[in-house]
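The values are calculated or read from the model by the stated rules, or taken from the named source; none is laboratory data. This structure is a prediction, so every number in the text was calculated from the model and none was measured. Glycine gets a Cβ as well: all are built from the backbone with ideal geometry, and neighbour counts include every protein chain shown.
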Amino acid sequence: MTHRFSKLFASLCGVAASSFLLVGSANADLTAAGEDSPAATGTTAAAQPEVDPELKAAFEDFTALKFEDAIAKLDKVRGTKPDMAPSQLVLASWLAQVQPPQPQAVRQAIEVAVTKHSDDPEAYVILAELNLQNSCVTEAETLFEKGAALNTKFTGSEKRKGEIQKRILIGQAQVQALRGKNDEAKATLGSVLKLDAKNIGALNLLALISFNTEDYASAIAAYNKVREIEPNALLPEARIAMMCQQKNTDEGKKLDAQYMKEAIGKAETDPQVRIVAARWSLMIGKAKQAGQQADFAIQILTKQKAEKADDAFINALFLEANILRGNIALFEKDYAAAEKFFNVILAESPSNFAATNGLALALCEQDAAKQKKAVEFAQVNIDRFGQQQPQVFATAAWVMHKMGRYQEAAQLLQRHLQMTNGNMSSDTAYCLAANMNAMAEALPAENAEQKANVKKQALEIISKTLENEAPFTKRSEAEALKAELSK
(Lines give C-alpha, C1' and ligand atoms only; values in the text may rest on other atoms or scores of the structure.)
Protein backbone atom coordinates (compact mmCIF):
# COMPACT_ATOMS: atom_id res chain seq x y z
CA MET A 1 0.00 0.00 0.00
CA THR A 2 1.47 3.35 -0.98
CA HIS A 3 2.40 6.07 1.51
CA ARG A 4 -0.44 8.41 0.60
CA PHE A 5 -3.09 5.70 1.14
CA SER A 6 -1.81 3.91 4.26
CA LYS A 7 -3.10 6.48 6.78
CA LEU A 8 -6.35 6.80 4.87
CA PHE A 9 -6.98 3.06 5.15
CA ALA A 10 -6.16 3.11 8.87
CA SER A 11 -8.63 5.94 9.40
CA LEU A 12 -11.37 4.18 7.46
CA CYS A 13 -11.01 0.74 9.02
CA GLY A 14 -12.87 1.58 12.21
CA VAL A 15 -15.73 3.30 10.43
CA ALA A 16 -16.06 0.70 7.74
CA ALA A 17 -15.82 -2.30 10.03
CA SER A 18 -18.14 -1.01 12.71
CA SER A 19 -20.99 0.49 10.72
CA PHE A 20 -20.08 0.66 7.01
CA LEU A 21 -21.42 4.21 6.96
CA LEU A 22 -18.15 5.80 5.86
CA VAL A 23 -19.16 9.18 7.19
CA GLY A 24 -16.52 11.62 8.37
CA SER A 25 -16.24 13.88 11.36
CA ALA A 26 -15.13 17.45 11.72
CA ASN A 27 -11.50 17.89 12.67
CA ALA A 28 -10.37 20.42 15.23
CA ASP A 29 -9.56 23.03 12.58
CA LEU A 30 -12.51 25.09 11.40
CA THR A 31 -11.76 24.18 7.78
CA ALA A 32 -11.39 20.47 8.60
CA ALA A 33 -7.62 20.43 8.37
CA GLY A 34 -6.17 18.14 11.01
CA GLU A 35 -2.77 17.04 12.28
CA ASP A 36 -1.32 13.65 11.55
CA SER A 37 0.75 13.33 14.67
CA PRO A 38 -0.58 10.85 17.25
CA ALA A 39 0.82 13.08 19.97
CA ALA A 40 -1.17 15.96 18.58
CA THR A 41 -4.45 14.13 18.25
CA GLY A 42 -4.20 10.93 20.25
CA THR A 43 -6.09 9.14 17.49
CA THR A 44 -3.58 6.59 16.26
CA ALA A 45 -5.40 3.31 15.69
CA ALA A 46 -4.22 1.26 18.65
CA ALA A 47 -6.85 -1.44 18.22
CA GLN A 48 -8.58 -1.30 14.86
CA PRO A 49 -11.47 -3.73 14.41
CA GLU A 50 -11.28 -6.47 11.84
CA VAL A 51 -12.14 -5.36 8.32
CA ASP A 52 -14.38 -7.23 5.89
CA PRO A 53 -11.95 -9.01 3.50
CA GLU A 54 -13.95 -7.90 0.47
CA LEU A 55 -13.87 -4.28 1.64
CA LYS A 56 -10.12 -4.53 2.17
CA ALA A 57 -9.72 -5.98 -1.32
CA ALA A 58 -11.82 -3.13 -2.72
CA PHE A 59 -9.61 -0.61 -1.00
CA GLU A 60 -6.49 -2.27 -2.38
CA ASP A 61 -8.00 -1.97 -5.87
CA PHE A 62 -8.68 1.69 -5.12
CA THR A 63 -5.07 2.34 -4.12
CA ALA A 64 -3.97 0.65 -7.35
CA LEU A 65 -6.32 3.01 -9.24
CA LYS A 66 -8.47 0.06 -10.37
CA PHE A 67 -11.69 1.92 -9.70
CA GLU A 68 -14.05 -0.36 -11.65
CA ASP A 69 -12.77 -3.40 -9.76
CA ALA A 70 -13.14 -1.52 -6.47
CA ILE A 71 -16.74 -0.60 -7.31
CA ALA A 72 -17.56 -4.22 -8.14
CA LYS A 73 -16.23 -5.41 -4.78
CA LEU A 74 -17.99 -2.59 -2.91
CA ASP A 75 -21.27 -3.58 -4.60
CA LYS A 76 -20.77 -7.09 -3.28
CA VAL A 77 -20.14 -5.84 0.28
CA ARG A 78 -23.14 -3.52 0.13
CA GLY A 79 -25.37 -6.47 -0.71
CA THR A 80 -24.86 -7.71 2.86
CA LYS A 81 -24.57 -4.32 4.61
CA PRO A 82 -27.77 -2.26 4.30
CA ASP A 83 -26.29 0.67 6.24
CA MET A 84 -23.45 1.12 3.78
CA ALA A 85 -23.40 4.06 1.35
CA PRO A 86 -23.69 3.40 -2.41
CA SER A 87 -20.41 2.18 -3.86
CA GLN A 88 -19.84 5.31 -5.93
CA LEU A 89 -20.14 7.43 -2.78
CA VAL A 90 -17.75 5.19 -0.87
CA LEU A 91 -15.25 5.68 -3.69
CA ALA A 92 -15.82 9.45 -3.60
CA SER A 93 -15.34 9.44 0.19
CA TRP A 94 -12.02 7.66 -0.22
CA LEU A 95 -10.92 10.06 -2.94
CA ALA A 96 -11.86 13.03 -0.75
CA GLN A 97 -9.36 11.89 1.89
CA VAL A 98 -6.39 11.25 -0.40
CA GLN A 99 -3.31 13.40 0.19
CA PRO A 100 -2.34 15.49 -1.66
CA PRO A 101 -5.98 16.45 -2.39
CA GLN A 102 -7.54 15.40 -5.70
CA PRO A 103 -10.59 17.70 -5.94
CA GLN A 104 -11.19 17.08 -9.65
CA ALA A 105 -11.24 13.31 -9.16
CA VAL A 106 -13.66 13.68 -6.24
CA ARG A 107 -16.00 15.85 -8.30
CA GLN A 108 -15.97 13.36 -11.16
CA ALA A 109 -16.80 10.52 -8.76
CA ILE A 110 -19.60 12.61 -7.24
CA GLU A 111 -21.04 13.33 -10.70
CA VAL A 112 -21.28 9.58 -11.35
CA ALA A 113 -22.81 9.02 -7.90
CA VAL A 114 -25.41 11.77 -8.35
CA THR A 115 -26.39 10.36 -11.75
CA LYS A 116 -27.07 6.96 -10.20
CA HIS A 117 -28.34 8.13 -6.79
CA SER A 118 -29.85 11.58 -7.32
CA ASP A 119 -31.79 11.50 -4.05
CA ASP A 120 -28.80 10.54 -1.86
CA PRO A 121 -27.76 13.46 0.39
CA GLU A 122 -24.24 12.24 1.05
CA ALA A 123 -22.98 13.31 -2.37
CA TYR A 124 -23.69 16.94 -1.49
CA VAL A 125 -22.22 16.54 1.98
CA ILE A 126 -18.94 15.24 0.56
CA LEU A 127 -18.79 18.18 -1.83
CA ALA A 128 -19.61 20.60 1.00
CA GLU A 129 -16.79 19.22 3.13
CA LEU A 130 -14.43 19.44 0.18
CA ASN A 131 -15.35 23.10 -0.27
CA LEU A 132 -14.80 23.77 3.42
CA GLN A 133 -11.31 22.30 3.19
CA ASN A 134 -10.63 24.71 0.34
CA SER A 135 -12.08 27.65 2.33
CA CYS A 136 -15.02 28.01 -0.08
CA VAL A 137 -17.46 28.75 2.73
CA THR A 138 -20.43 30.05 0.72
CA GLU A 139 -20.36 27.06 -1.62
CA ALA A 140 -20.10 24.72 1.37
CA GLU A 141 -23.06 26.40 3.07
CA THR A 142 -25.24 25.97 -0.02
CA LEU A 143 -24.26 22.33 -0.43
CA PHE A 144 -24.95 21.52 3.23
CA GLU A 145 -28.42 23.07 2.82
CA LYS A 146 -29.02 20.91 -0.26
CA GLY A 147 -27.86 17.84 1.64
CA ALA A 148 -30.12 18.70 4.58
CA ALA A 149 -33.15 19.08 2.31
CA LEU A 150 -32.50 15.72 0.67
CA ASN A 151 -31.81 14.03 3.99
CA THR A 152 -35.23 15.08 5.30
CA LYS A 153 -36.84 13.09 2.47
CA PHE A 154 -34.27 10.26 2.47
CA THR A 155 -35.92 6.83 2.60
CA GLY A 156 -32.81 4.68 2.89
CA SER A 157 -31.22 3.27 6.04
CA GLU A 158 -32.44 5.15 9.14
CA LYS A 159 -29.08 4.61 10.79
CA ARG A 160 -27.25 6.11 7.85
CA LYS A 161 -29.76 8.97 7.68
CA GLY A 162 -29.02 9.81 11.31
CA GLU A 163 -25.27 9.76 10.73
CA ILE A 164 -25.58 12.02 7.69
CA GLN A 165 -27.71 14.43 9.74
CA LYS A 166 -24.98 14.72 12.38
CA ARG A 167 -22.41 15.25 9.66
CA ILE A 168 -24.49 18.06 8.12
CA LEU A 169 -24.96 19.77 11.48
CA ILE A 170 -21.22 19.65 12.22
CA GLY A 171 -20.52 21.12 8.79
CA GLN A 172 -23.06 23.87 9.33
CA ALA A 173 -21.50 24.64 12.71
CA GLN A 174 -18.13 25.00 11.00
CA VAL A 175 -19.66 27.46 8.53
CA GLN A 176 -21.26 29.44 11.36
CA ALA A 177 -17.97 29.59 13.27
CA LEU A 178 -16.06 30.70 10.18
CA ARG A 179 -18.58 33.52 9.81
CA GLY A 180 -18.00 34.55 13.42
CA LYS A 181 -21.39 33.27 14.61
CA ASN A 182 -19.89 31.34 17.50
CA ASP A 183 -23.01 31.19 19.68
CA GLU A 184 -25.02 29.76 16.77
CA ALA A 185 -22.24 27.26 16.09
CA LYS A 186 -22.23 26.13 19.71
CA ALA A 187 -26.02 25.71 19.62
CA THR A 188 -25.77 23.63 16.44
CA LEU A 189 -23.11 21.44 18.02
CA GLY A 190 -25.36 21.11 21.06
CA SER A 191 -27.97 19.58 18.73
CA VAL A 192 -25.40 17.05 17.55
CA LEU A 193 -24.40 16.15 21.09
CA LYS A 194 -28.06 15.63 22.06
CA LEU A 195 -28.23 13.04 19.30
CA ASP A 196 -24.81 11.59 20.09
CA ALA A 197 -23.10 12.66 23.32
CA LYS A 198 -19.91 10.88 22.27
CA ASN A 199 -19.52 12.52 18.87
CA ILE A 200 -15.81 13.34 18.82
CA GLY A 201 -16.07 15.57 15.76
CA ALA A 202 -18.61 17.79 17.52
CA LEU A 203 -16.63 17.86 20.76
CA ASN A 204 -13.39 18.77 18.99
CA LEU A 205 -15.09 21.58 17.09
CA LEU A 206 -16.78 22.83 20.25
CA ALA A 207 -13.38 22.90 21.97
CA LEU A 208 -11.82 24.85 19.11
CA ILE A 209 -14.62 27.42 19.02
CA SER A 210 -14.31 27.83 22.79
CA PHE A 211 -10.55 28.29 22.42
CA ASN A 212 -10.96 30.85 19.65
CA THR A 213 -13.31 32.85 21.88
CA GLU A 214 -10.77 32.59 24.75
CA ASP A 215 -13.06 30.38 26.81
CA TYR A 216 -10.21 28.06 27.72
CA ALA A 217 -12.06 26.32 30.55
CA SER A 218 -14.82 25.21 28.16
CA ALA A 219 -12.24 24.11 25.61
CA ILE A 220 -10.52 21.94 28.23
CA ALA A 221 -13.89 20.55 29.35
CA ALA A 222 -14.73 19.52 25.77
CA TYR A 223 -11.31 17.95 25.25
CA ASN A 224 -11.70 16.09 28.55
CA LYS A 225 -14.92 14.56 27.19
CA VAL A 226 -12.97 13.48 24.10
CA ARG A 227 -10.43 11.86 26.40
CA GLU A 228 -13.17 9.97 28.22
CA ILE A 229 -14.15 8.46 24.88
CA GLU A 230 -10.61 8.00 23.56
CA PRO A 231 -8.21 7.28 26.45
CA ASN A 232 -5.24 7.76 24.11
CA ALA A 233 -6.25 11.33 23.30
CA LEU A 234 -3.77 14.02 24.29
CA LEU A 235 -4.12 15.65 27.71
CA PRO A 236 -6.24 18.82 27.15
CA GLU A 237 -3.78 21.16 28.88
CA ALA A 238 -0.99 20.03 26.54
CA ARG A 239 -3.20 20.56 23.51
CA ILE A 240 -4.23 24.03 24.69
CA ALA A 241 -0.57 24.90 25.30
CA MET A 242 0.31 24.11 21.68
CA MET A 243 -2.70 26.02 20.40
CA CYS A 244 -1.71 29.06 22.48
CA GLN A 245 1.84 28.86 21.15
CA GLN A 246 0.55 28.86 17.59
CA LYS A 247 -1.34 32.11 18.24
CA ASN A 248 2.09 33.80 18.23
CA THR A 249 0.95 36.68 20.46
CA ASP A 250 2.32 37.96 23.76
CA GLU A 251 -0.73 36.57 25.53
CA GLY A 252 -0.36 33.26 23.72
CA LYS A 253 3.30 32.97 24.73
CA LYS A 254 2.35 33.58 28.35
CA LEU A 255 -0.51 31.10 28.34
CA ASP A 256 1.32 28.35 26.46
CA ALA A 257 3.98 28.17 29.19
CA GLN A 258 1.27 28.14 31.87
CA TYR A 259 -0.70 25.31 30.27
CA MET A 260 2.40 23.29 29.40
CA LYS A 261 3.51 23.48 33.03
CA GLU A 262 0.05 22.31 34.11
CA ALA A 263 0.16 19.44 31.60
CA ILE A 264 3.53 18.16 32.82
CA GLY A 265 2.39 18.54 36.42
CA LYS A 266 -0.73 16.45 35.76
CA ALA A 267 0.93 13.74 33.66
CA GLU A 268 4.70 13.86 34.03
CA THR A 269 5.12 10.24 32.91
CA ASP A 270 2.78 10.53 29.92
CA PRO A 271 4.99 10.17 26.82
CA GLN A 272 2.51 12.08 24.67
CA VAL A 273 2.78 15.09 26.97
CA ARG A 274 6.57 14.86 26.91
CA ILE A 275 6.59 14.71 23.10
CA VAL A 276 4.39 17.79 22.92
CA ALA A 277 6.59 19.51 25.52
CA ALA A 278 9.62 18.71 23.36
CA ARG A 279 7.97 20.10 20.26
CA TRP A 280 6.83 23.19 22.16
CA SER A 281 10.35 23.73 23.53
CA LEU A 282 11.80 23.48 20.03
CA MET A 283 9.28 25.98 18.67
CA ILE A 284 10.28 28.56 21.29
CA GLY A 285 13.97 28.12 20.49
CA LYS A 286 15.01 25.90 23.41
CA ALA A 287 16.58 22.97 21.61
CA LYS A 288 18.44 21.60 24.65
CA GLN A 289 15.25 21.54 26.71
CA ALA A 290 13.45 19.95 23.77
CA GLY A 291 16.06 17.20 23.64
CA GLN A 292 15.63 16.48 27.35
CA GLN A 293 11.85 16.20 26.98
CA ALA A 294 12.16 13.92 23.94
CA ASP A 295 14.76 11.76 25.70
CA PHE A 296 12.36 11.33 28.63
CA ALA A 297 9.57 10.33 26.24
CA ILE A 298 11.82 7.77 24.52
CA GLN A 299 12.86 6.37 27.91
CA ILE A 300 9.22 5.90 28.95
CA LEU A 301 8.20 4.45 25.58
CA THR A 302 11.14 2.03 25.46
CA LYS A 303 9.93 0.56 28.75
CA GLN A 304 6.32 0.46 27.54
CA LYS A 305 7.36 -1.26 24.30
CA ALA A 306 9.15 -3.94 26.27
CA GLU A 307 5.92 -4.63 28.16
CA LYS A 308 3.52 -4.27 25.20
CA ALA A 309 5.48 -5.01 22.06
CA ASP A 310 2.39 -5.24 19.84
CA ASP A 311 0.66 -2.07 21.02
CA ALA A 312 0.23 -0.02 17.84
CA PHE A 313 -0.29 3.25 19.71
CA ILE A 314 2.88 2.87 21.77
CA ASN A 315 4.85 1.88 18.67
CA ALA A 316 3.56 4.92 16.78
CA LEU A 317 4.54 7.23 19.63
CA PHE A 318 7.97 5.58 19.84
CA LEU A 319 8.58 6.33 16.17
CA GLU A 320 7.34 9.88 16.57
CA ALA A 321 9.54 10.51 19.60
CA ASN A 322 12.63 9.29 17.75
CA ILE A 323 11.79 11.33 14.65
CA LEU A 324 11.40 14.41 16.83
CA ARG A 325 14.64 13.64 18.69
CA GLY A 326 16.47 13.28 15.39
CA ASN A 327 15.12 16.63 14.22
CA ILE A 328 16.18 18.23 17.50
CA ALA A 329 19.69 16.87 16.94
CA LEU A 330 19.66 18.55 13.52
CA PHE A 331 18.85 21.84 15.27
CA GLU A 332 21.74 21.22 17.66
CA LYS A 333 24.01 20.32 14.70
CA ASP A 334 24.78 16.99 16.36
CA TYR A 335 24.61 15.10 13.10
CA ALA A 336 25.95 11.81 14.45
CA ALA A 337 23.18 11.78 17.06
CA ALA A 338 20.58 12.65 14.43
CA GLU A 339 21.84 9.75 12.33
CA LYS A 340 21.47 7.42 15.32
CA PHE A 341 17.86 8.38 16.03
CA PHE A 342 16.78 8.17 12.40
CA ASN A 343 18.41 4.73 12.12
CA VAL A 344 16.35 3.58 15.13
CA ILE A 345 13.25 4.44 13.13
CA LEU A 346 14.47 2.69 9.98
CA ALA A 347 15.11 -0.48 11.96
CA GLU A 348 11.39 -0.61 12.78
CA SER A 349 9.94 1.12 9.72
CA PRO A 350 12.28 0.73 6.71
CA SER A 351 10.21 2.91 4.38
CA ASN A 352 9.56 5.72 6.87
CA PHE A 353 9.83 8.99 4.95
CA ALA A 354 10.72 11.16 7.94
CA ALA A 355 13.59 8.83 8.79
CA THR A 356 15.07 8.57 5.30
CA ASN A 357 14.64 12.31 4.79
CA GLY A 358 16.29 13.07 8.13
CA LEU A 359 19.12 10.66 7.41
CA ALA A 360 19.90 12.40 4.14
CA LEU A 361 20.12 15.71 6.01
CA ALA A 362 22.28 14.26 8.79
CA LEU A 363 24.65 12.31 6.55
CA CYS A 364 25.35 15.13 4.10
CA GLU A 365 26.85 17.18 6.95
CA GLN A 366 29.47 14.51 7.72
CA ASP A 367 32.43 12.90 5.91
CA ALA A 368 32.66 12.00 2.22
CA ALA A 369 31.56 8.39 2.71
CA LYS A 370 28.43 9.47 4.56
CA GLN A 371 27.76 12.20 2.01
CA LYS A 372 27.67 9.48 -0.64
CA LYS A 373 25.05 7.65 1.43
CA ALA A 374 23.12 10.91 1.74
CA VAL A 375 22.92 11.11 -2.06
CA GLU A 376 21.59 7.54 -2.15
CA PHE A 377 18.90 8.28 0.44
CA ALA A 378 17.91 11.47 -1.36
CA GLN A 379 17.49 9.59 -4.64
CA VAL A 380 15.51 6.78 -3.01
CA ASN A 381 13.20 9.37 -1.46
CA ILE A 382 12.60 10.99 -4.84
CA ASP A 383 11.78 7.61 -6.36
CA ARG A 384 9.46 6.60 -3.51
CA PHE A 385 7.85 9.85 -2.44
CA GLY A 386 8.47 12.39 -5.19
CA GLN A 387 4.84 12.29 -6.34
CA GLN A 388 3.47 13.30 -2.93
CA GLN A 389 6.24 14.92 -0.87
CA PRO A 390 7.73 18.18 -2.21
CA GLN A 391 10.20 18.09 0.69
CA VAL A 392 12.19 15.33 -1.03
CA PHE A 393 13.38 17.80 -3.65
CA ALA A 394 14.37 20.43 -1.07
CA THR A 395 16.33 17.84 0.90
CA ALA A 396 18.00 16.49 -2.23
CA ALA A 397 18.86 20.07 -3.22
CA TRP A 398 20.61 20.64 0.11
CA VAL A 399 22.53 17.38 -0.30
CA MET A 400 23.65 18.42 -3.78
CA HIS A 401 24.59 21.88 -2.49
CA LYS A 402 26.76 20.35 0.25
CA MET A 403 28.46 18.23 -2.42
CA GLY A 404 29.19 21.34 -4.49
CA ARG A 405 26.79 20.28 -7.25
CA TYR A 406 25.08 23.65 -7.44
CA GLN A 407 23.38 23.31 -10.82
CA GLU A 408 21.71 20.06 -9.78
CA ALA A 409 20.65 21.70 -6.52
CA ALA A 410 19.07 24.57 -8.47
CA GLN A 411 17.09 22.15 -10.64
CA LEU A 412 15.83 20.27 -7.58
CA LEU A 413 14.80 23.50 -5.88
CA GLN A 414 12.86 24.45 -8.99
CA ARG A 415 10.94 21.16 -8.82
CA HIS A 416 10.19 21.77 -5.15
CA LEU A 417 8.85 25.26 -5.82
CA GLN A 418 6.73 24.01 -8.71
CA MET A 419 5.03 21.50 -6.39
CA THR A 420 4.47 24.04 -3.61
CA ASN A 421 3.38 26.96 -5.80
CA GLY A 422 6.42 28.92 -4.65
CA ASN A 423 5.99 28.29 -0.93
CA MET A 424 9.00 27.09 1.03
CA SER A 425 10.21 26.59 4.57
CA SER A 426 12.84 28.83 6.12
CA ASP A 427 15.46 26.10 5.74
CA THR A 428 14.60 25.68 2.07
CA ALA A 429 14.77 29.45 1.58
CA TYR A 430 18.25 29.43 3.11
CA CYS A 431 19.24 26.58 0.79
CA LEU A 432 17.99 28.58 -2.19
CA ALA A 433 19.85 31.74 -1.17
CA ALA A 434 23.05 29.86 -0.33
CA ASN A 435 22.96 28.00 -3.62
CA MET A 436 22.36 31.20 -5.58
CA ASN A 437 25.33 32.79 -3.81
CA ALA A 438 27.54 29.80 -4.58
CA MET A 439 26.54 29.85 -8.26
CA ALA A 440 27.20 33.59 -8.40
CA GLU A 441 30.67 33.08 -6.93
CA ALA A 442 31.41 30.55 -9.68
CA LEU A 443 30.67 33.05 -12.46
CA PRO A 444 33.68 34.36 -14.42
CA ALA A 445 34.94 37.89 -13.82
CA GLU A 446 33.39 39.24 -17.02
CA ASN A 447 29.93 38.43 -15.61
CA ALA A 448 30.28 40.91 -12.76
CA GLU A 449 26.87 42.51 -13.33
CA GLN A 450 25.06 39.16 -13.41
CA LYS A 451 26.96 38.09 -10.30
CA ALA A 452 25.87 41.23 -8.45
CA ASN A 453 22.23 40.76 -9.48
CA VAL A 454 22.14 37.14 -8.32
CA LYS A 455 23.70 38.06 -4.99
CA LYS A 456 21.16 40.87 -4.58
CA GLN A 457 18.31 38.40 -5.13
CA ALA A 458 19.88 35.99 -2.64
CA LEU A 459 20.10 38.80 -0.07
CA GLU A 460 16.43 39.66 -0.58
CA ILE A 461 15.43 36.03 -0.05
CA ILE A 462 17.49 35.55 3.10
CA SER A 463 16.46 38.92 4.56
CA LYS A 464 12.79 38.09 4.08
CA THR A 465 13.34 34.66 5.62
CA LEU A 466 14.96 36.09 8.74
CA GLU A 467 11.99 38.40 9.34
CA ASN A 468 10.22 35.29 10.62
CA GLU A 469 11.33 34.80 14.22
CA ALA A 470 10.46 31.09 14.30
CA PRO A 471 13.47 28.79 14.84
CA PHE A 472 14.85 26.77 11.93
CA THR A 473 17.90 24.53 11.70
CA LYS A 474 20.00 26.88 9.55
CA ARG A 475 19.15 30.19 11.23
CA SER A 476 22.74 30.92 12.33
CA GLU A 477 24.03 30.11 8.84
CA ALA A 478 21.32 32.31 7.34
CA GLU A 479 22.35 35.21 9.57
CA ALA A 480 25.99 34.73 8.52
CA LEU A 481 25.00 34.64 4.85
CA LYS A 482 22.99 37.84 5.22
CA ALA A 483 25.97 39.55 6.84
CA GLU A 484 28.25 38.38 4.02
CA LEU A 485 25.87 39.49 1.27
CA SER A 486 25.26 42.85 2.96
CA LYS A 487 28.92 43.89 2.73
Helices (runs of 4 or more DSSP H) contained in the stretch 258-339 and holding at least 3 residues surrounded by fewer than 20 Cβ atoms within 10 Å (Cβ to Cβ): 287-307, 312-332
Assess whether Ala470 counts as being of a type in the set (A, V, I, L, M, F, W, C), touching a residue at least 24 places away in the same chain (Cβ under 8 Å) and exposed (fewer than 13 other Cβ atoms within 10 Å of the Cβ). yes
Only one residue in Lys464, Lys456, Lys482, Lys487 is surrounded by 17 or more Cβ atoms within 10 Å (Cβ to Cβ) and either out of contact with any Phe, Trp or Tyr (no Cβ under 9 Å at 6 or more places or on another chain) or within 17 Å of Phe331 (Cβ to Cβ) (or both). Which one? Lys482
Go through the residues of the stretch 283-290 one by one and say whether even a single one is in contact (Cβ under 8 Å) with a residue 60 or more places away in the chain, under 23 Å from Leu234 (Cβ atoms) and under 18 Å from the mean Cα position of the chain (by Cα). yes
Hey, among Arg239, Arg227, which residue is under 22 Å from Gln293 (Cα atoms), in contact (Cβ under 8 Å) with a residue 60 or more places away in the chain and assigned to a helix (DSSP H, G or I)? Arg239
So which pairs qualify, if the first residue must be in the stretch 194-212 and at negative phi and without any contact (Cβ under 8 Å) to a residue 60 or more places away in the chain, the second must be among the aliphatic types (A, V, I, L, M) and surrounded by fewer than 15 Cβ atoms within 10 Å (Cβ to Cβ), the Cβ gap must be under 7 Å, and the two must be at least 6 apart or on different chains? Lys198/Ile229
Condition met for Glu332 (of a type outside the set (Ser, Thr, Tyr) and over 28 Å from Ala374 (Cα atoms)): no
Ala347 more than 22 Å from the chain's Cα centre (by Cα), outside any loop (DSSP other than H, G, I, E, B) and surrounded by fewer than 24 Cβ atoms within 10 Å (Cβ to Cβ): yes
Subset of the stretch 405-447 that is free of Cβ contacts under 8 Å to residues at least 12 places away in the same chain and among the small types (Gly, Ala, Ser) - its residue that is farthest from Asn468 (Cα to Cα): Ala445
Near pairs, Cβ below 7 angstrom, 6+ apart or cross-chain, from the stretch 129-151 (farther than 18 Å from Glu163 by Cα and without any contact (Cβ under 8 Å) to a residue 24 or more places away in the chain) to any residue that is crowded, with 17+ Cβ neighbours inside 10 Å and of a type outside the set (Phe, Trp, Tyr): Asn131/Ala140; Asn131/Leu143; Glu139/Asn131
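Residue-wise test of (1) of a type in the set (Gly, Ala, Ser); (2) closer than 26 Å to Lys474 by Cβ; (3) in the same structural domain as Ser210 (by TED's automatic domain parsing); (4) in contact with a Phe, Trp or Tyr (Cβ under 9 Å, 6 or more places away or on another chain).
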site: Cys244; (1), (2), (3), (4): no, no, no, yes
site: Gly252; (1), (2), (3), (4): yes, yes, no, no
site: Met260; (1), (2), (3), (4): no, no, no, yes
site: Val273; (1), (2), (3), (4): no, no, no, no
site: Ile284; (1), (2), (3), (4): no, yes, no, no
site: Phe296; (1), (2), (3), (4): no, no, no, no
